[in-house]
Amino acid sequence: MTKPARDPLYRRNRFPAAVIAHAVWLYFRFPLSLRMVEDMLAARGVIVSYQTVRLWAEKFGRHFANDIRKRSAGRLGDKWHLDEVVISIAGKKHWLWRAVDQDGFVLDVLVQSRRNTRAAKRLMRKLLKGQGRSPRVIITDKLRSYGAAKREIMPGVEHRSHKGLNNRAENSHQPIRRRERILKRFKSARYLQRFVSIHDPIANLFHIPRHDIPSTHHRELRAIAMERWRQIARLHAA
């Protein structure tokens, strides 16, 4: 019996595609450190260093995230919730600007060193370019920079500014906060941007509501998400 051809994506890697994809899935799907993933693989008899896991996460994670982004293009919601949260990196304040739709799917994330109108405009331009369309409405907190940026970038779009309306965007920061605690803070703004640009598309793929749906339906949606992951990771041809 002939051995299935190895997918070109995994060429020059001595570990099977399933092992690599599983390591990347563990690292971005759950709040784990690289050393934790190393230990979890070792428990299954896969001996690999955490540095190798890091290289897999950066190389293959980016490829998987880009694929997920392409598949979701034009399918996300038209109500944008925008929010920003402070993150300390090397003793300096940085701001993680985030946009999610009405269903909680992350539209885009941008790490910036400022919390002003210029930073808000940069986020909105990035959103318009990535989504390819304007939203029906944007919802923000009371930060005035949003209103100033919106008037210039999206003057015809409705803007609702109210602290209580923006809980969805604020809650979407929680996974990154958990990861920040596990890693004992992010080491650089560049690393944080690289991480969230991979983490959030993968989180979108597995974003399944747990409330108001039967447990059997939840399991079905989870199985669909895992099947899509196998397709994106090209495990069927591995």
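Express in nm, to one decimal, how much length is gained between Arg62 and Asn171 on full extension, taking 0.36 nm for each residue of separation and deducting their alpha carbon distance. Before the final figure, lay out the partial values.
Working: separation 109, 0.36 × 109 = 39.24 nm, distance 2.42 nm.
Full-extension gain reported as 36.8 nm.
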Seminar exercise, completed: Dipole check, the chain, charges on Cβ (K,R +1; D,E -1), about Cα centroid: among Ile47, Thr216, Asn204 the Cα furthest to the positive pole belongs to Ile47
Problem set entry | On Cα atoms only, tilt of 17-29 relative to the major axis of the chain in degrees | 30
Problem set entry | Rg in Å to one decimal, and Dmax rounded to a whole Å, for the stretch 88-238 via C-alpha atoms | 17.3, 51
Exercise. What does the charge dipole of the chain about its Cα centre add up to, to the nearest 20 debye, if the Cβ of each Lys and Arg holds +1 and the Cβ of each Asp and Glu holds -1?
Worked result: 840
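What is the dipole size for the stretch 79-197, taken about its Cα centre, with +1 at each Lys and Arg Cβ and -1 at each Asp and Glu Cβ, in debye to the nearest 20?
On the way: 30 positive and 10 negative charges, 111 e Å.
Taking the Cα centre of the stretch 79-197 as origin, the dipole is about 540 debye.
How far, in nm, would the chain grow between Arg11 and His207 when pulled straight, counting 0.36 nm per residue and subtracting the alpha carbon separation? Show your work: numbers first, answer last.
Values: separation 196, 0.36 × 196 = 70.56 nm, distance 3.05 nm.
Stretched fully, the Arg11-His207 segment lengthens by 67.5 nm.
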For this session: Counting other Cβ atoms within 10 Å, keep those with at most 15, restrict to DSSP loop, and tell me which trypsin sites (Lys or Arg not before Pro) in the stretch 17-109 are left.
Result: Arg44, Arg75
Seminar exercise, completed: So Gln231 and Ser215, fully extended at 0.36 nm per residue minus their Cα-Cα distance, gain in nm 3.3 nm
Seminar exercise, completed: In degrees rounded to 10, the 0-90 angle between helix 144-153 Cα long axis and the longest Cα principal axis of the chain is 90
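If eta is 1.002 mPa s and T is 20 °C, what Stokes-Einstein diffusion coefficient results for the stretch 93-150, Kirkwood Rh from Cα pairs, in µm²/s? Could you put the intermediate results ahead of the total?
On the way: Rh = 11.8 Å.
The Stokes-Einstein estimate is 182 µm²/s.
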Exercise. Ratio of the stretch 44-175's C-alpha Rg to 2.2 N^0.38 Å, to two decimals?
Worked result: 1.20
Exercise. Which of the aspartates and glutamates could a cross-linker bridge to Lys184, judged by Cα under 19 Å and excluding same-chain residues fewer than eight apart?
Worked result: Glu38, Asp39
Seminar exercise, completed: So the angle from the long Cα axis of helix 189-205 to the longest Cα principal axis of the chain, reported in degrees to the nearest 10, equals 80
Problem set entry | Pairs from Lys79/Lys129; Lys70/Lys187; Lys129/Lys150; Lys93/Lys187; Lys126/Lys150 whose Cα-Cα separation, in the structure shown, is over 19 Å | Lys70/Lys187
Seminar exercise, completed: From DSSP H assignment alone, runs of 4+ in the chain each adding -39500 (n - 2.57), the sum over residues rounded to the nearest 500 puts [θ] at 222 nm at -16000 deg cm²/dmol
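Bear in mind these aren't lab numbers, they're just calculated from the coordinates by the rules spelled out. All values reported here derive from a predicted model rather than from experimental measurement. Please note: Cβ atoms are built from the backbone with ideal geometry, for glycine as well, and neighbour counts cover all protein chains shown.
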